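Enquirer: One structure is given below, represented as structure tokens, and several questions about it will come after.
The values are calculated or read from the model by the stated rules, or taken from the named source; none is laboratory data. Since we're looking at a predicted model, the values are computed, not measured. Methodologically, a virtual Cβ is constructed for each residue, glycine included, from the backbone with ideal geometry; neighbour enumeration extends over all protein chains shown.
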Amino acid sequence: MTDQSRANKVRETGKLILRRALQRADIEIGRGPFASRLVNTLRSRGIDTVLDIGANVGQYAVLARSAGFEGRIISCEPLAGAYGEISGRARKDRNWITLNTAVGAEPGTTTINVSENSFSSSIREMTDAHLSAAPGSGYVATETVPVTTVKAIASEHGVDPARTLLKIDTQGFEDEVLRGAGDLVGRFAAIQLELSFVELYEGQLLYEDLVAQMAQAGYRIQQIDPGFSNPDGRLLQVDGVFVLTADD
């Protein structure tokens with residue numbers, strides 16, 4: 001592990017500890033308001049399961065727990081290092097399951113590119129637009145990992161889509177994960193996607209395409225959280241939560 005990798009790991013762990021402490025003190029900062037609104041959405045829609053695809057070291061699950069979500073979380077993370085961290089965090093939480101796997105359109109194995117900062121790792125190649133906006137995110141290694149599908153996970157773990165949020169944060173691989181969900185798209189109570197305005201990973205679907213795909217499946221945008229930006233302030237990526245219009 002390089003000095004930069006260690007620094008990134010310490011920074012991400014520190015951010016998790018700080019955010020959790022602030023939320024427990026009812027102080028909202030950064031993504032805190034997003035997590036609080038998310039949990040309100042889950043409660044109002046009767047959602048008691050979160051399928052956390054692309055979990056990294058558990059940031060999303062920790063924030064959801066800190067904001068008050070007490071339901072089941074199933075987190076999928078393919079990278080060995082990140083999985084070691086998330087499995088350790090989940091060990092004391094009986095309602096948090098971790099799976100050491102990538103998720104895609106069909107089961108098998110694949111090669112994932114490991115980024116310097118871990119959370120930018122992707123099965124797809126990173127573009128110059130991403131690298132120029134985040135110089136510390138370049139790829140430093142590869143890992144061969146197993147791949148499963150959302151549909152397989154739902155079947156194996158008794159997931160009721162009508163009571164589930166499908167969260168996908170897979171660095172440009174969102175469309176492949178949705179393909180592997182099959183006809184469960186349109187049945188999940190809510191879906192959260194990472195939405196990019198410019199191509200950050202080669203071949204990824206952009207904001208307009210994914211929003212249109214969600215609308216066609218019967219979803220509308222419930223909330224948006226600004227995310228990744230250029231140093232010049234241009235917003236490159238957001239997180240979007242979609243809910244079924246039939247439930248309104």
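Enquirer: Taking I47, is it closer than 26 Å to D160 by Cα, crowded, with 20+ Cβ neighbours inside 10 Å and at pLDDT 95 or above?
Expert: In short, yes.
Enquirer: Tell me whether the stretch 25-37 contains one or more residues that are modelled with pLDDT of 95 or more and buried (at least 22 other Cβ atoms within 10 Å of the Cβ).
Expert: No.
Enquirer: Could I ask something else about it? Mind checking whether some residue in the stretch 127-149 is modelled with pLDDT of 95 or more, under 21 Å from D239 (Cα atoms) and under 16 Å from the mean Cα position of the chain (by Cα)?
Expert: no
Enquirer: Answer yes if at least one residue in the stretch 97-109 is more than 20 Å from E156 (Cβ to Cβ) and of a type in the set (V, I, T), and no otherwise.
Expert: So far as the stretch 97-109 goes, no, none of its residues is more than 20 Å from E156 (Cβ to Cβ) and of a type in the set (V, I, T).
Enquirer: Here's another thing I want to ask about it. Just give me the residues in the stretch 158-200 being among the β-branched types (V, I, T) and over 17 Å from the mean Cα position of the chain (by Cα), in sequence order.
Expert: Within the stretch 158-200, V159, V198 qualify.
Enquirer: Taking A162 and the conditions (1) over 26 Å from E106 (Cβ atoms); (2) surrounded by fewer than 20 Cβ atoms within 10 Å (Cβ to Cβ); (3) hydrophobic (A, V, I, L, M, F, W, C), which numbered condition does it fall short on, given that it satisfies the others?
Expert: Answer for A162: the failing condition is (1).
Enquirer: May I ask you to list the residues in the stretch 165-220 that are of a type in the set (A, V, I, L, M) and in a helix (DSSP H, G or I)?
Expert: V177, L178, A181, L184, L210, V211, A212, M214, A215
Enquirer: Further question on the same structure: On the given criteria, is N40 surrounded by fewer than 16 Cβ atoms within 10 Å (Cβ to Cβ), at pLDDT 90 or above and within 22 Å of E194 (Cα to Cα)?
Expert: Against the criterion (surrounded by fewer than 16 Cβ atoms within 10 Å (Cβ to Cβ), at pLDDT 90 or above and within 22 Å of E194 (Cα to Cα)), N40 qualifies.
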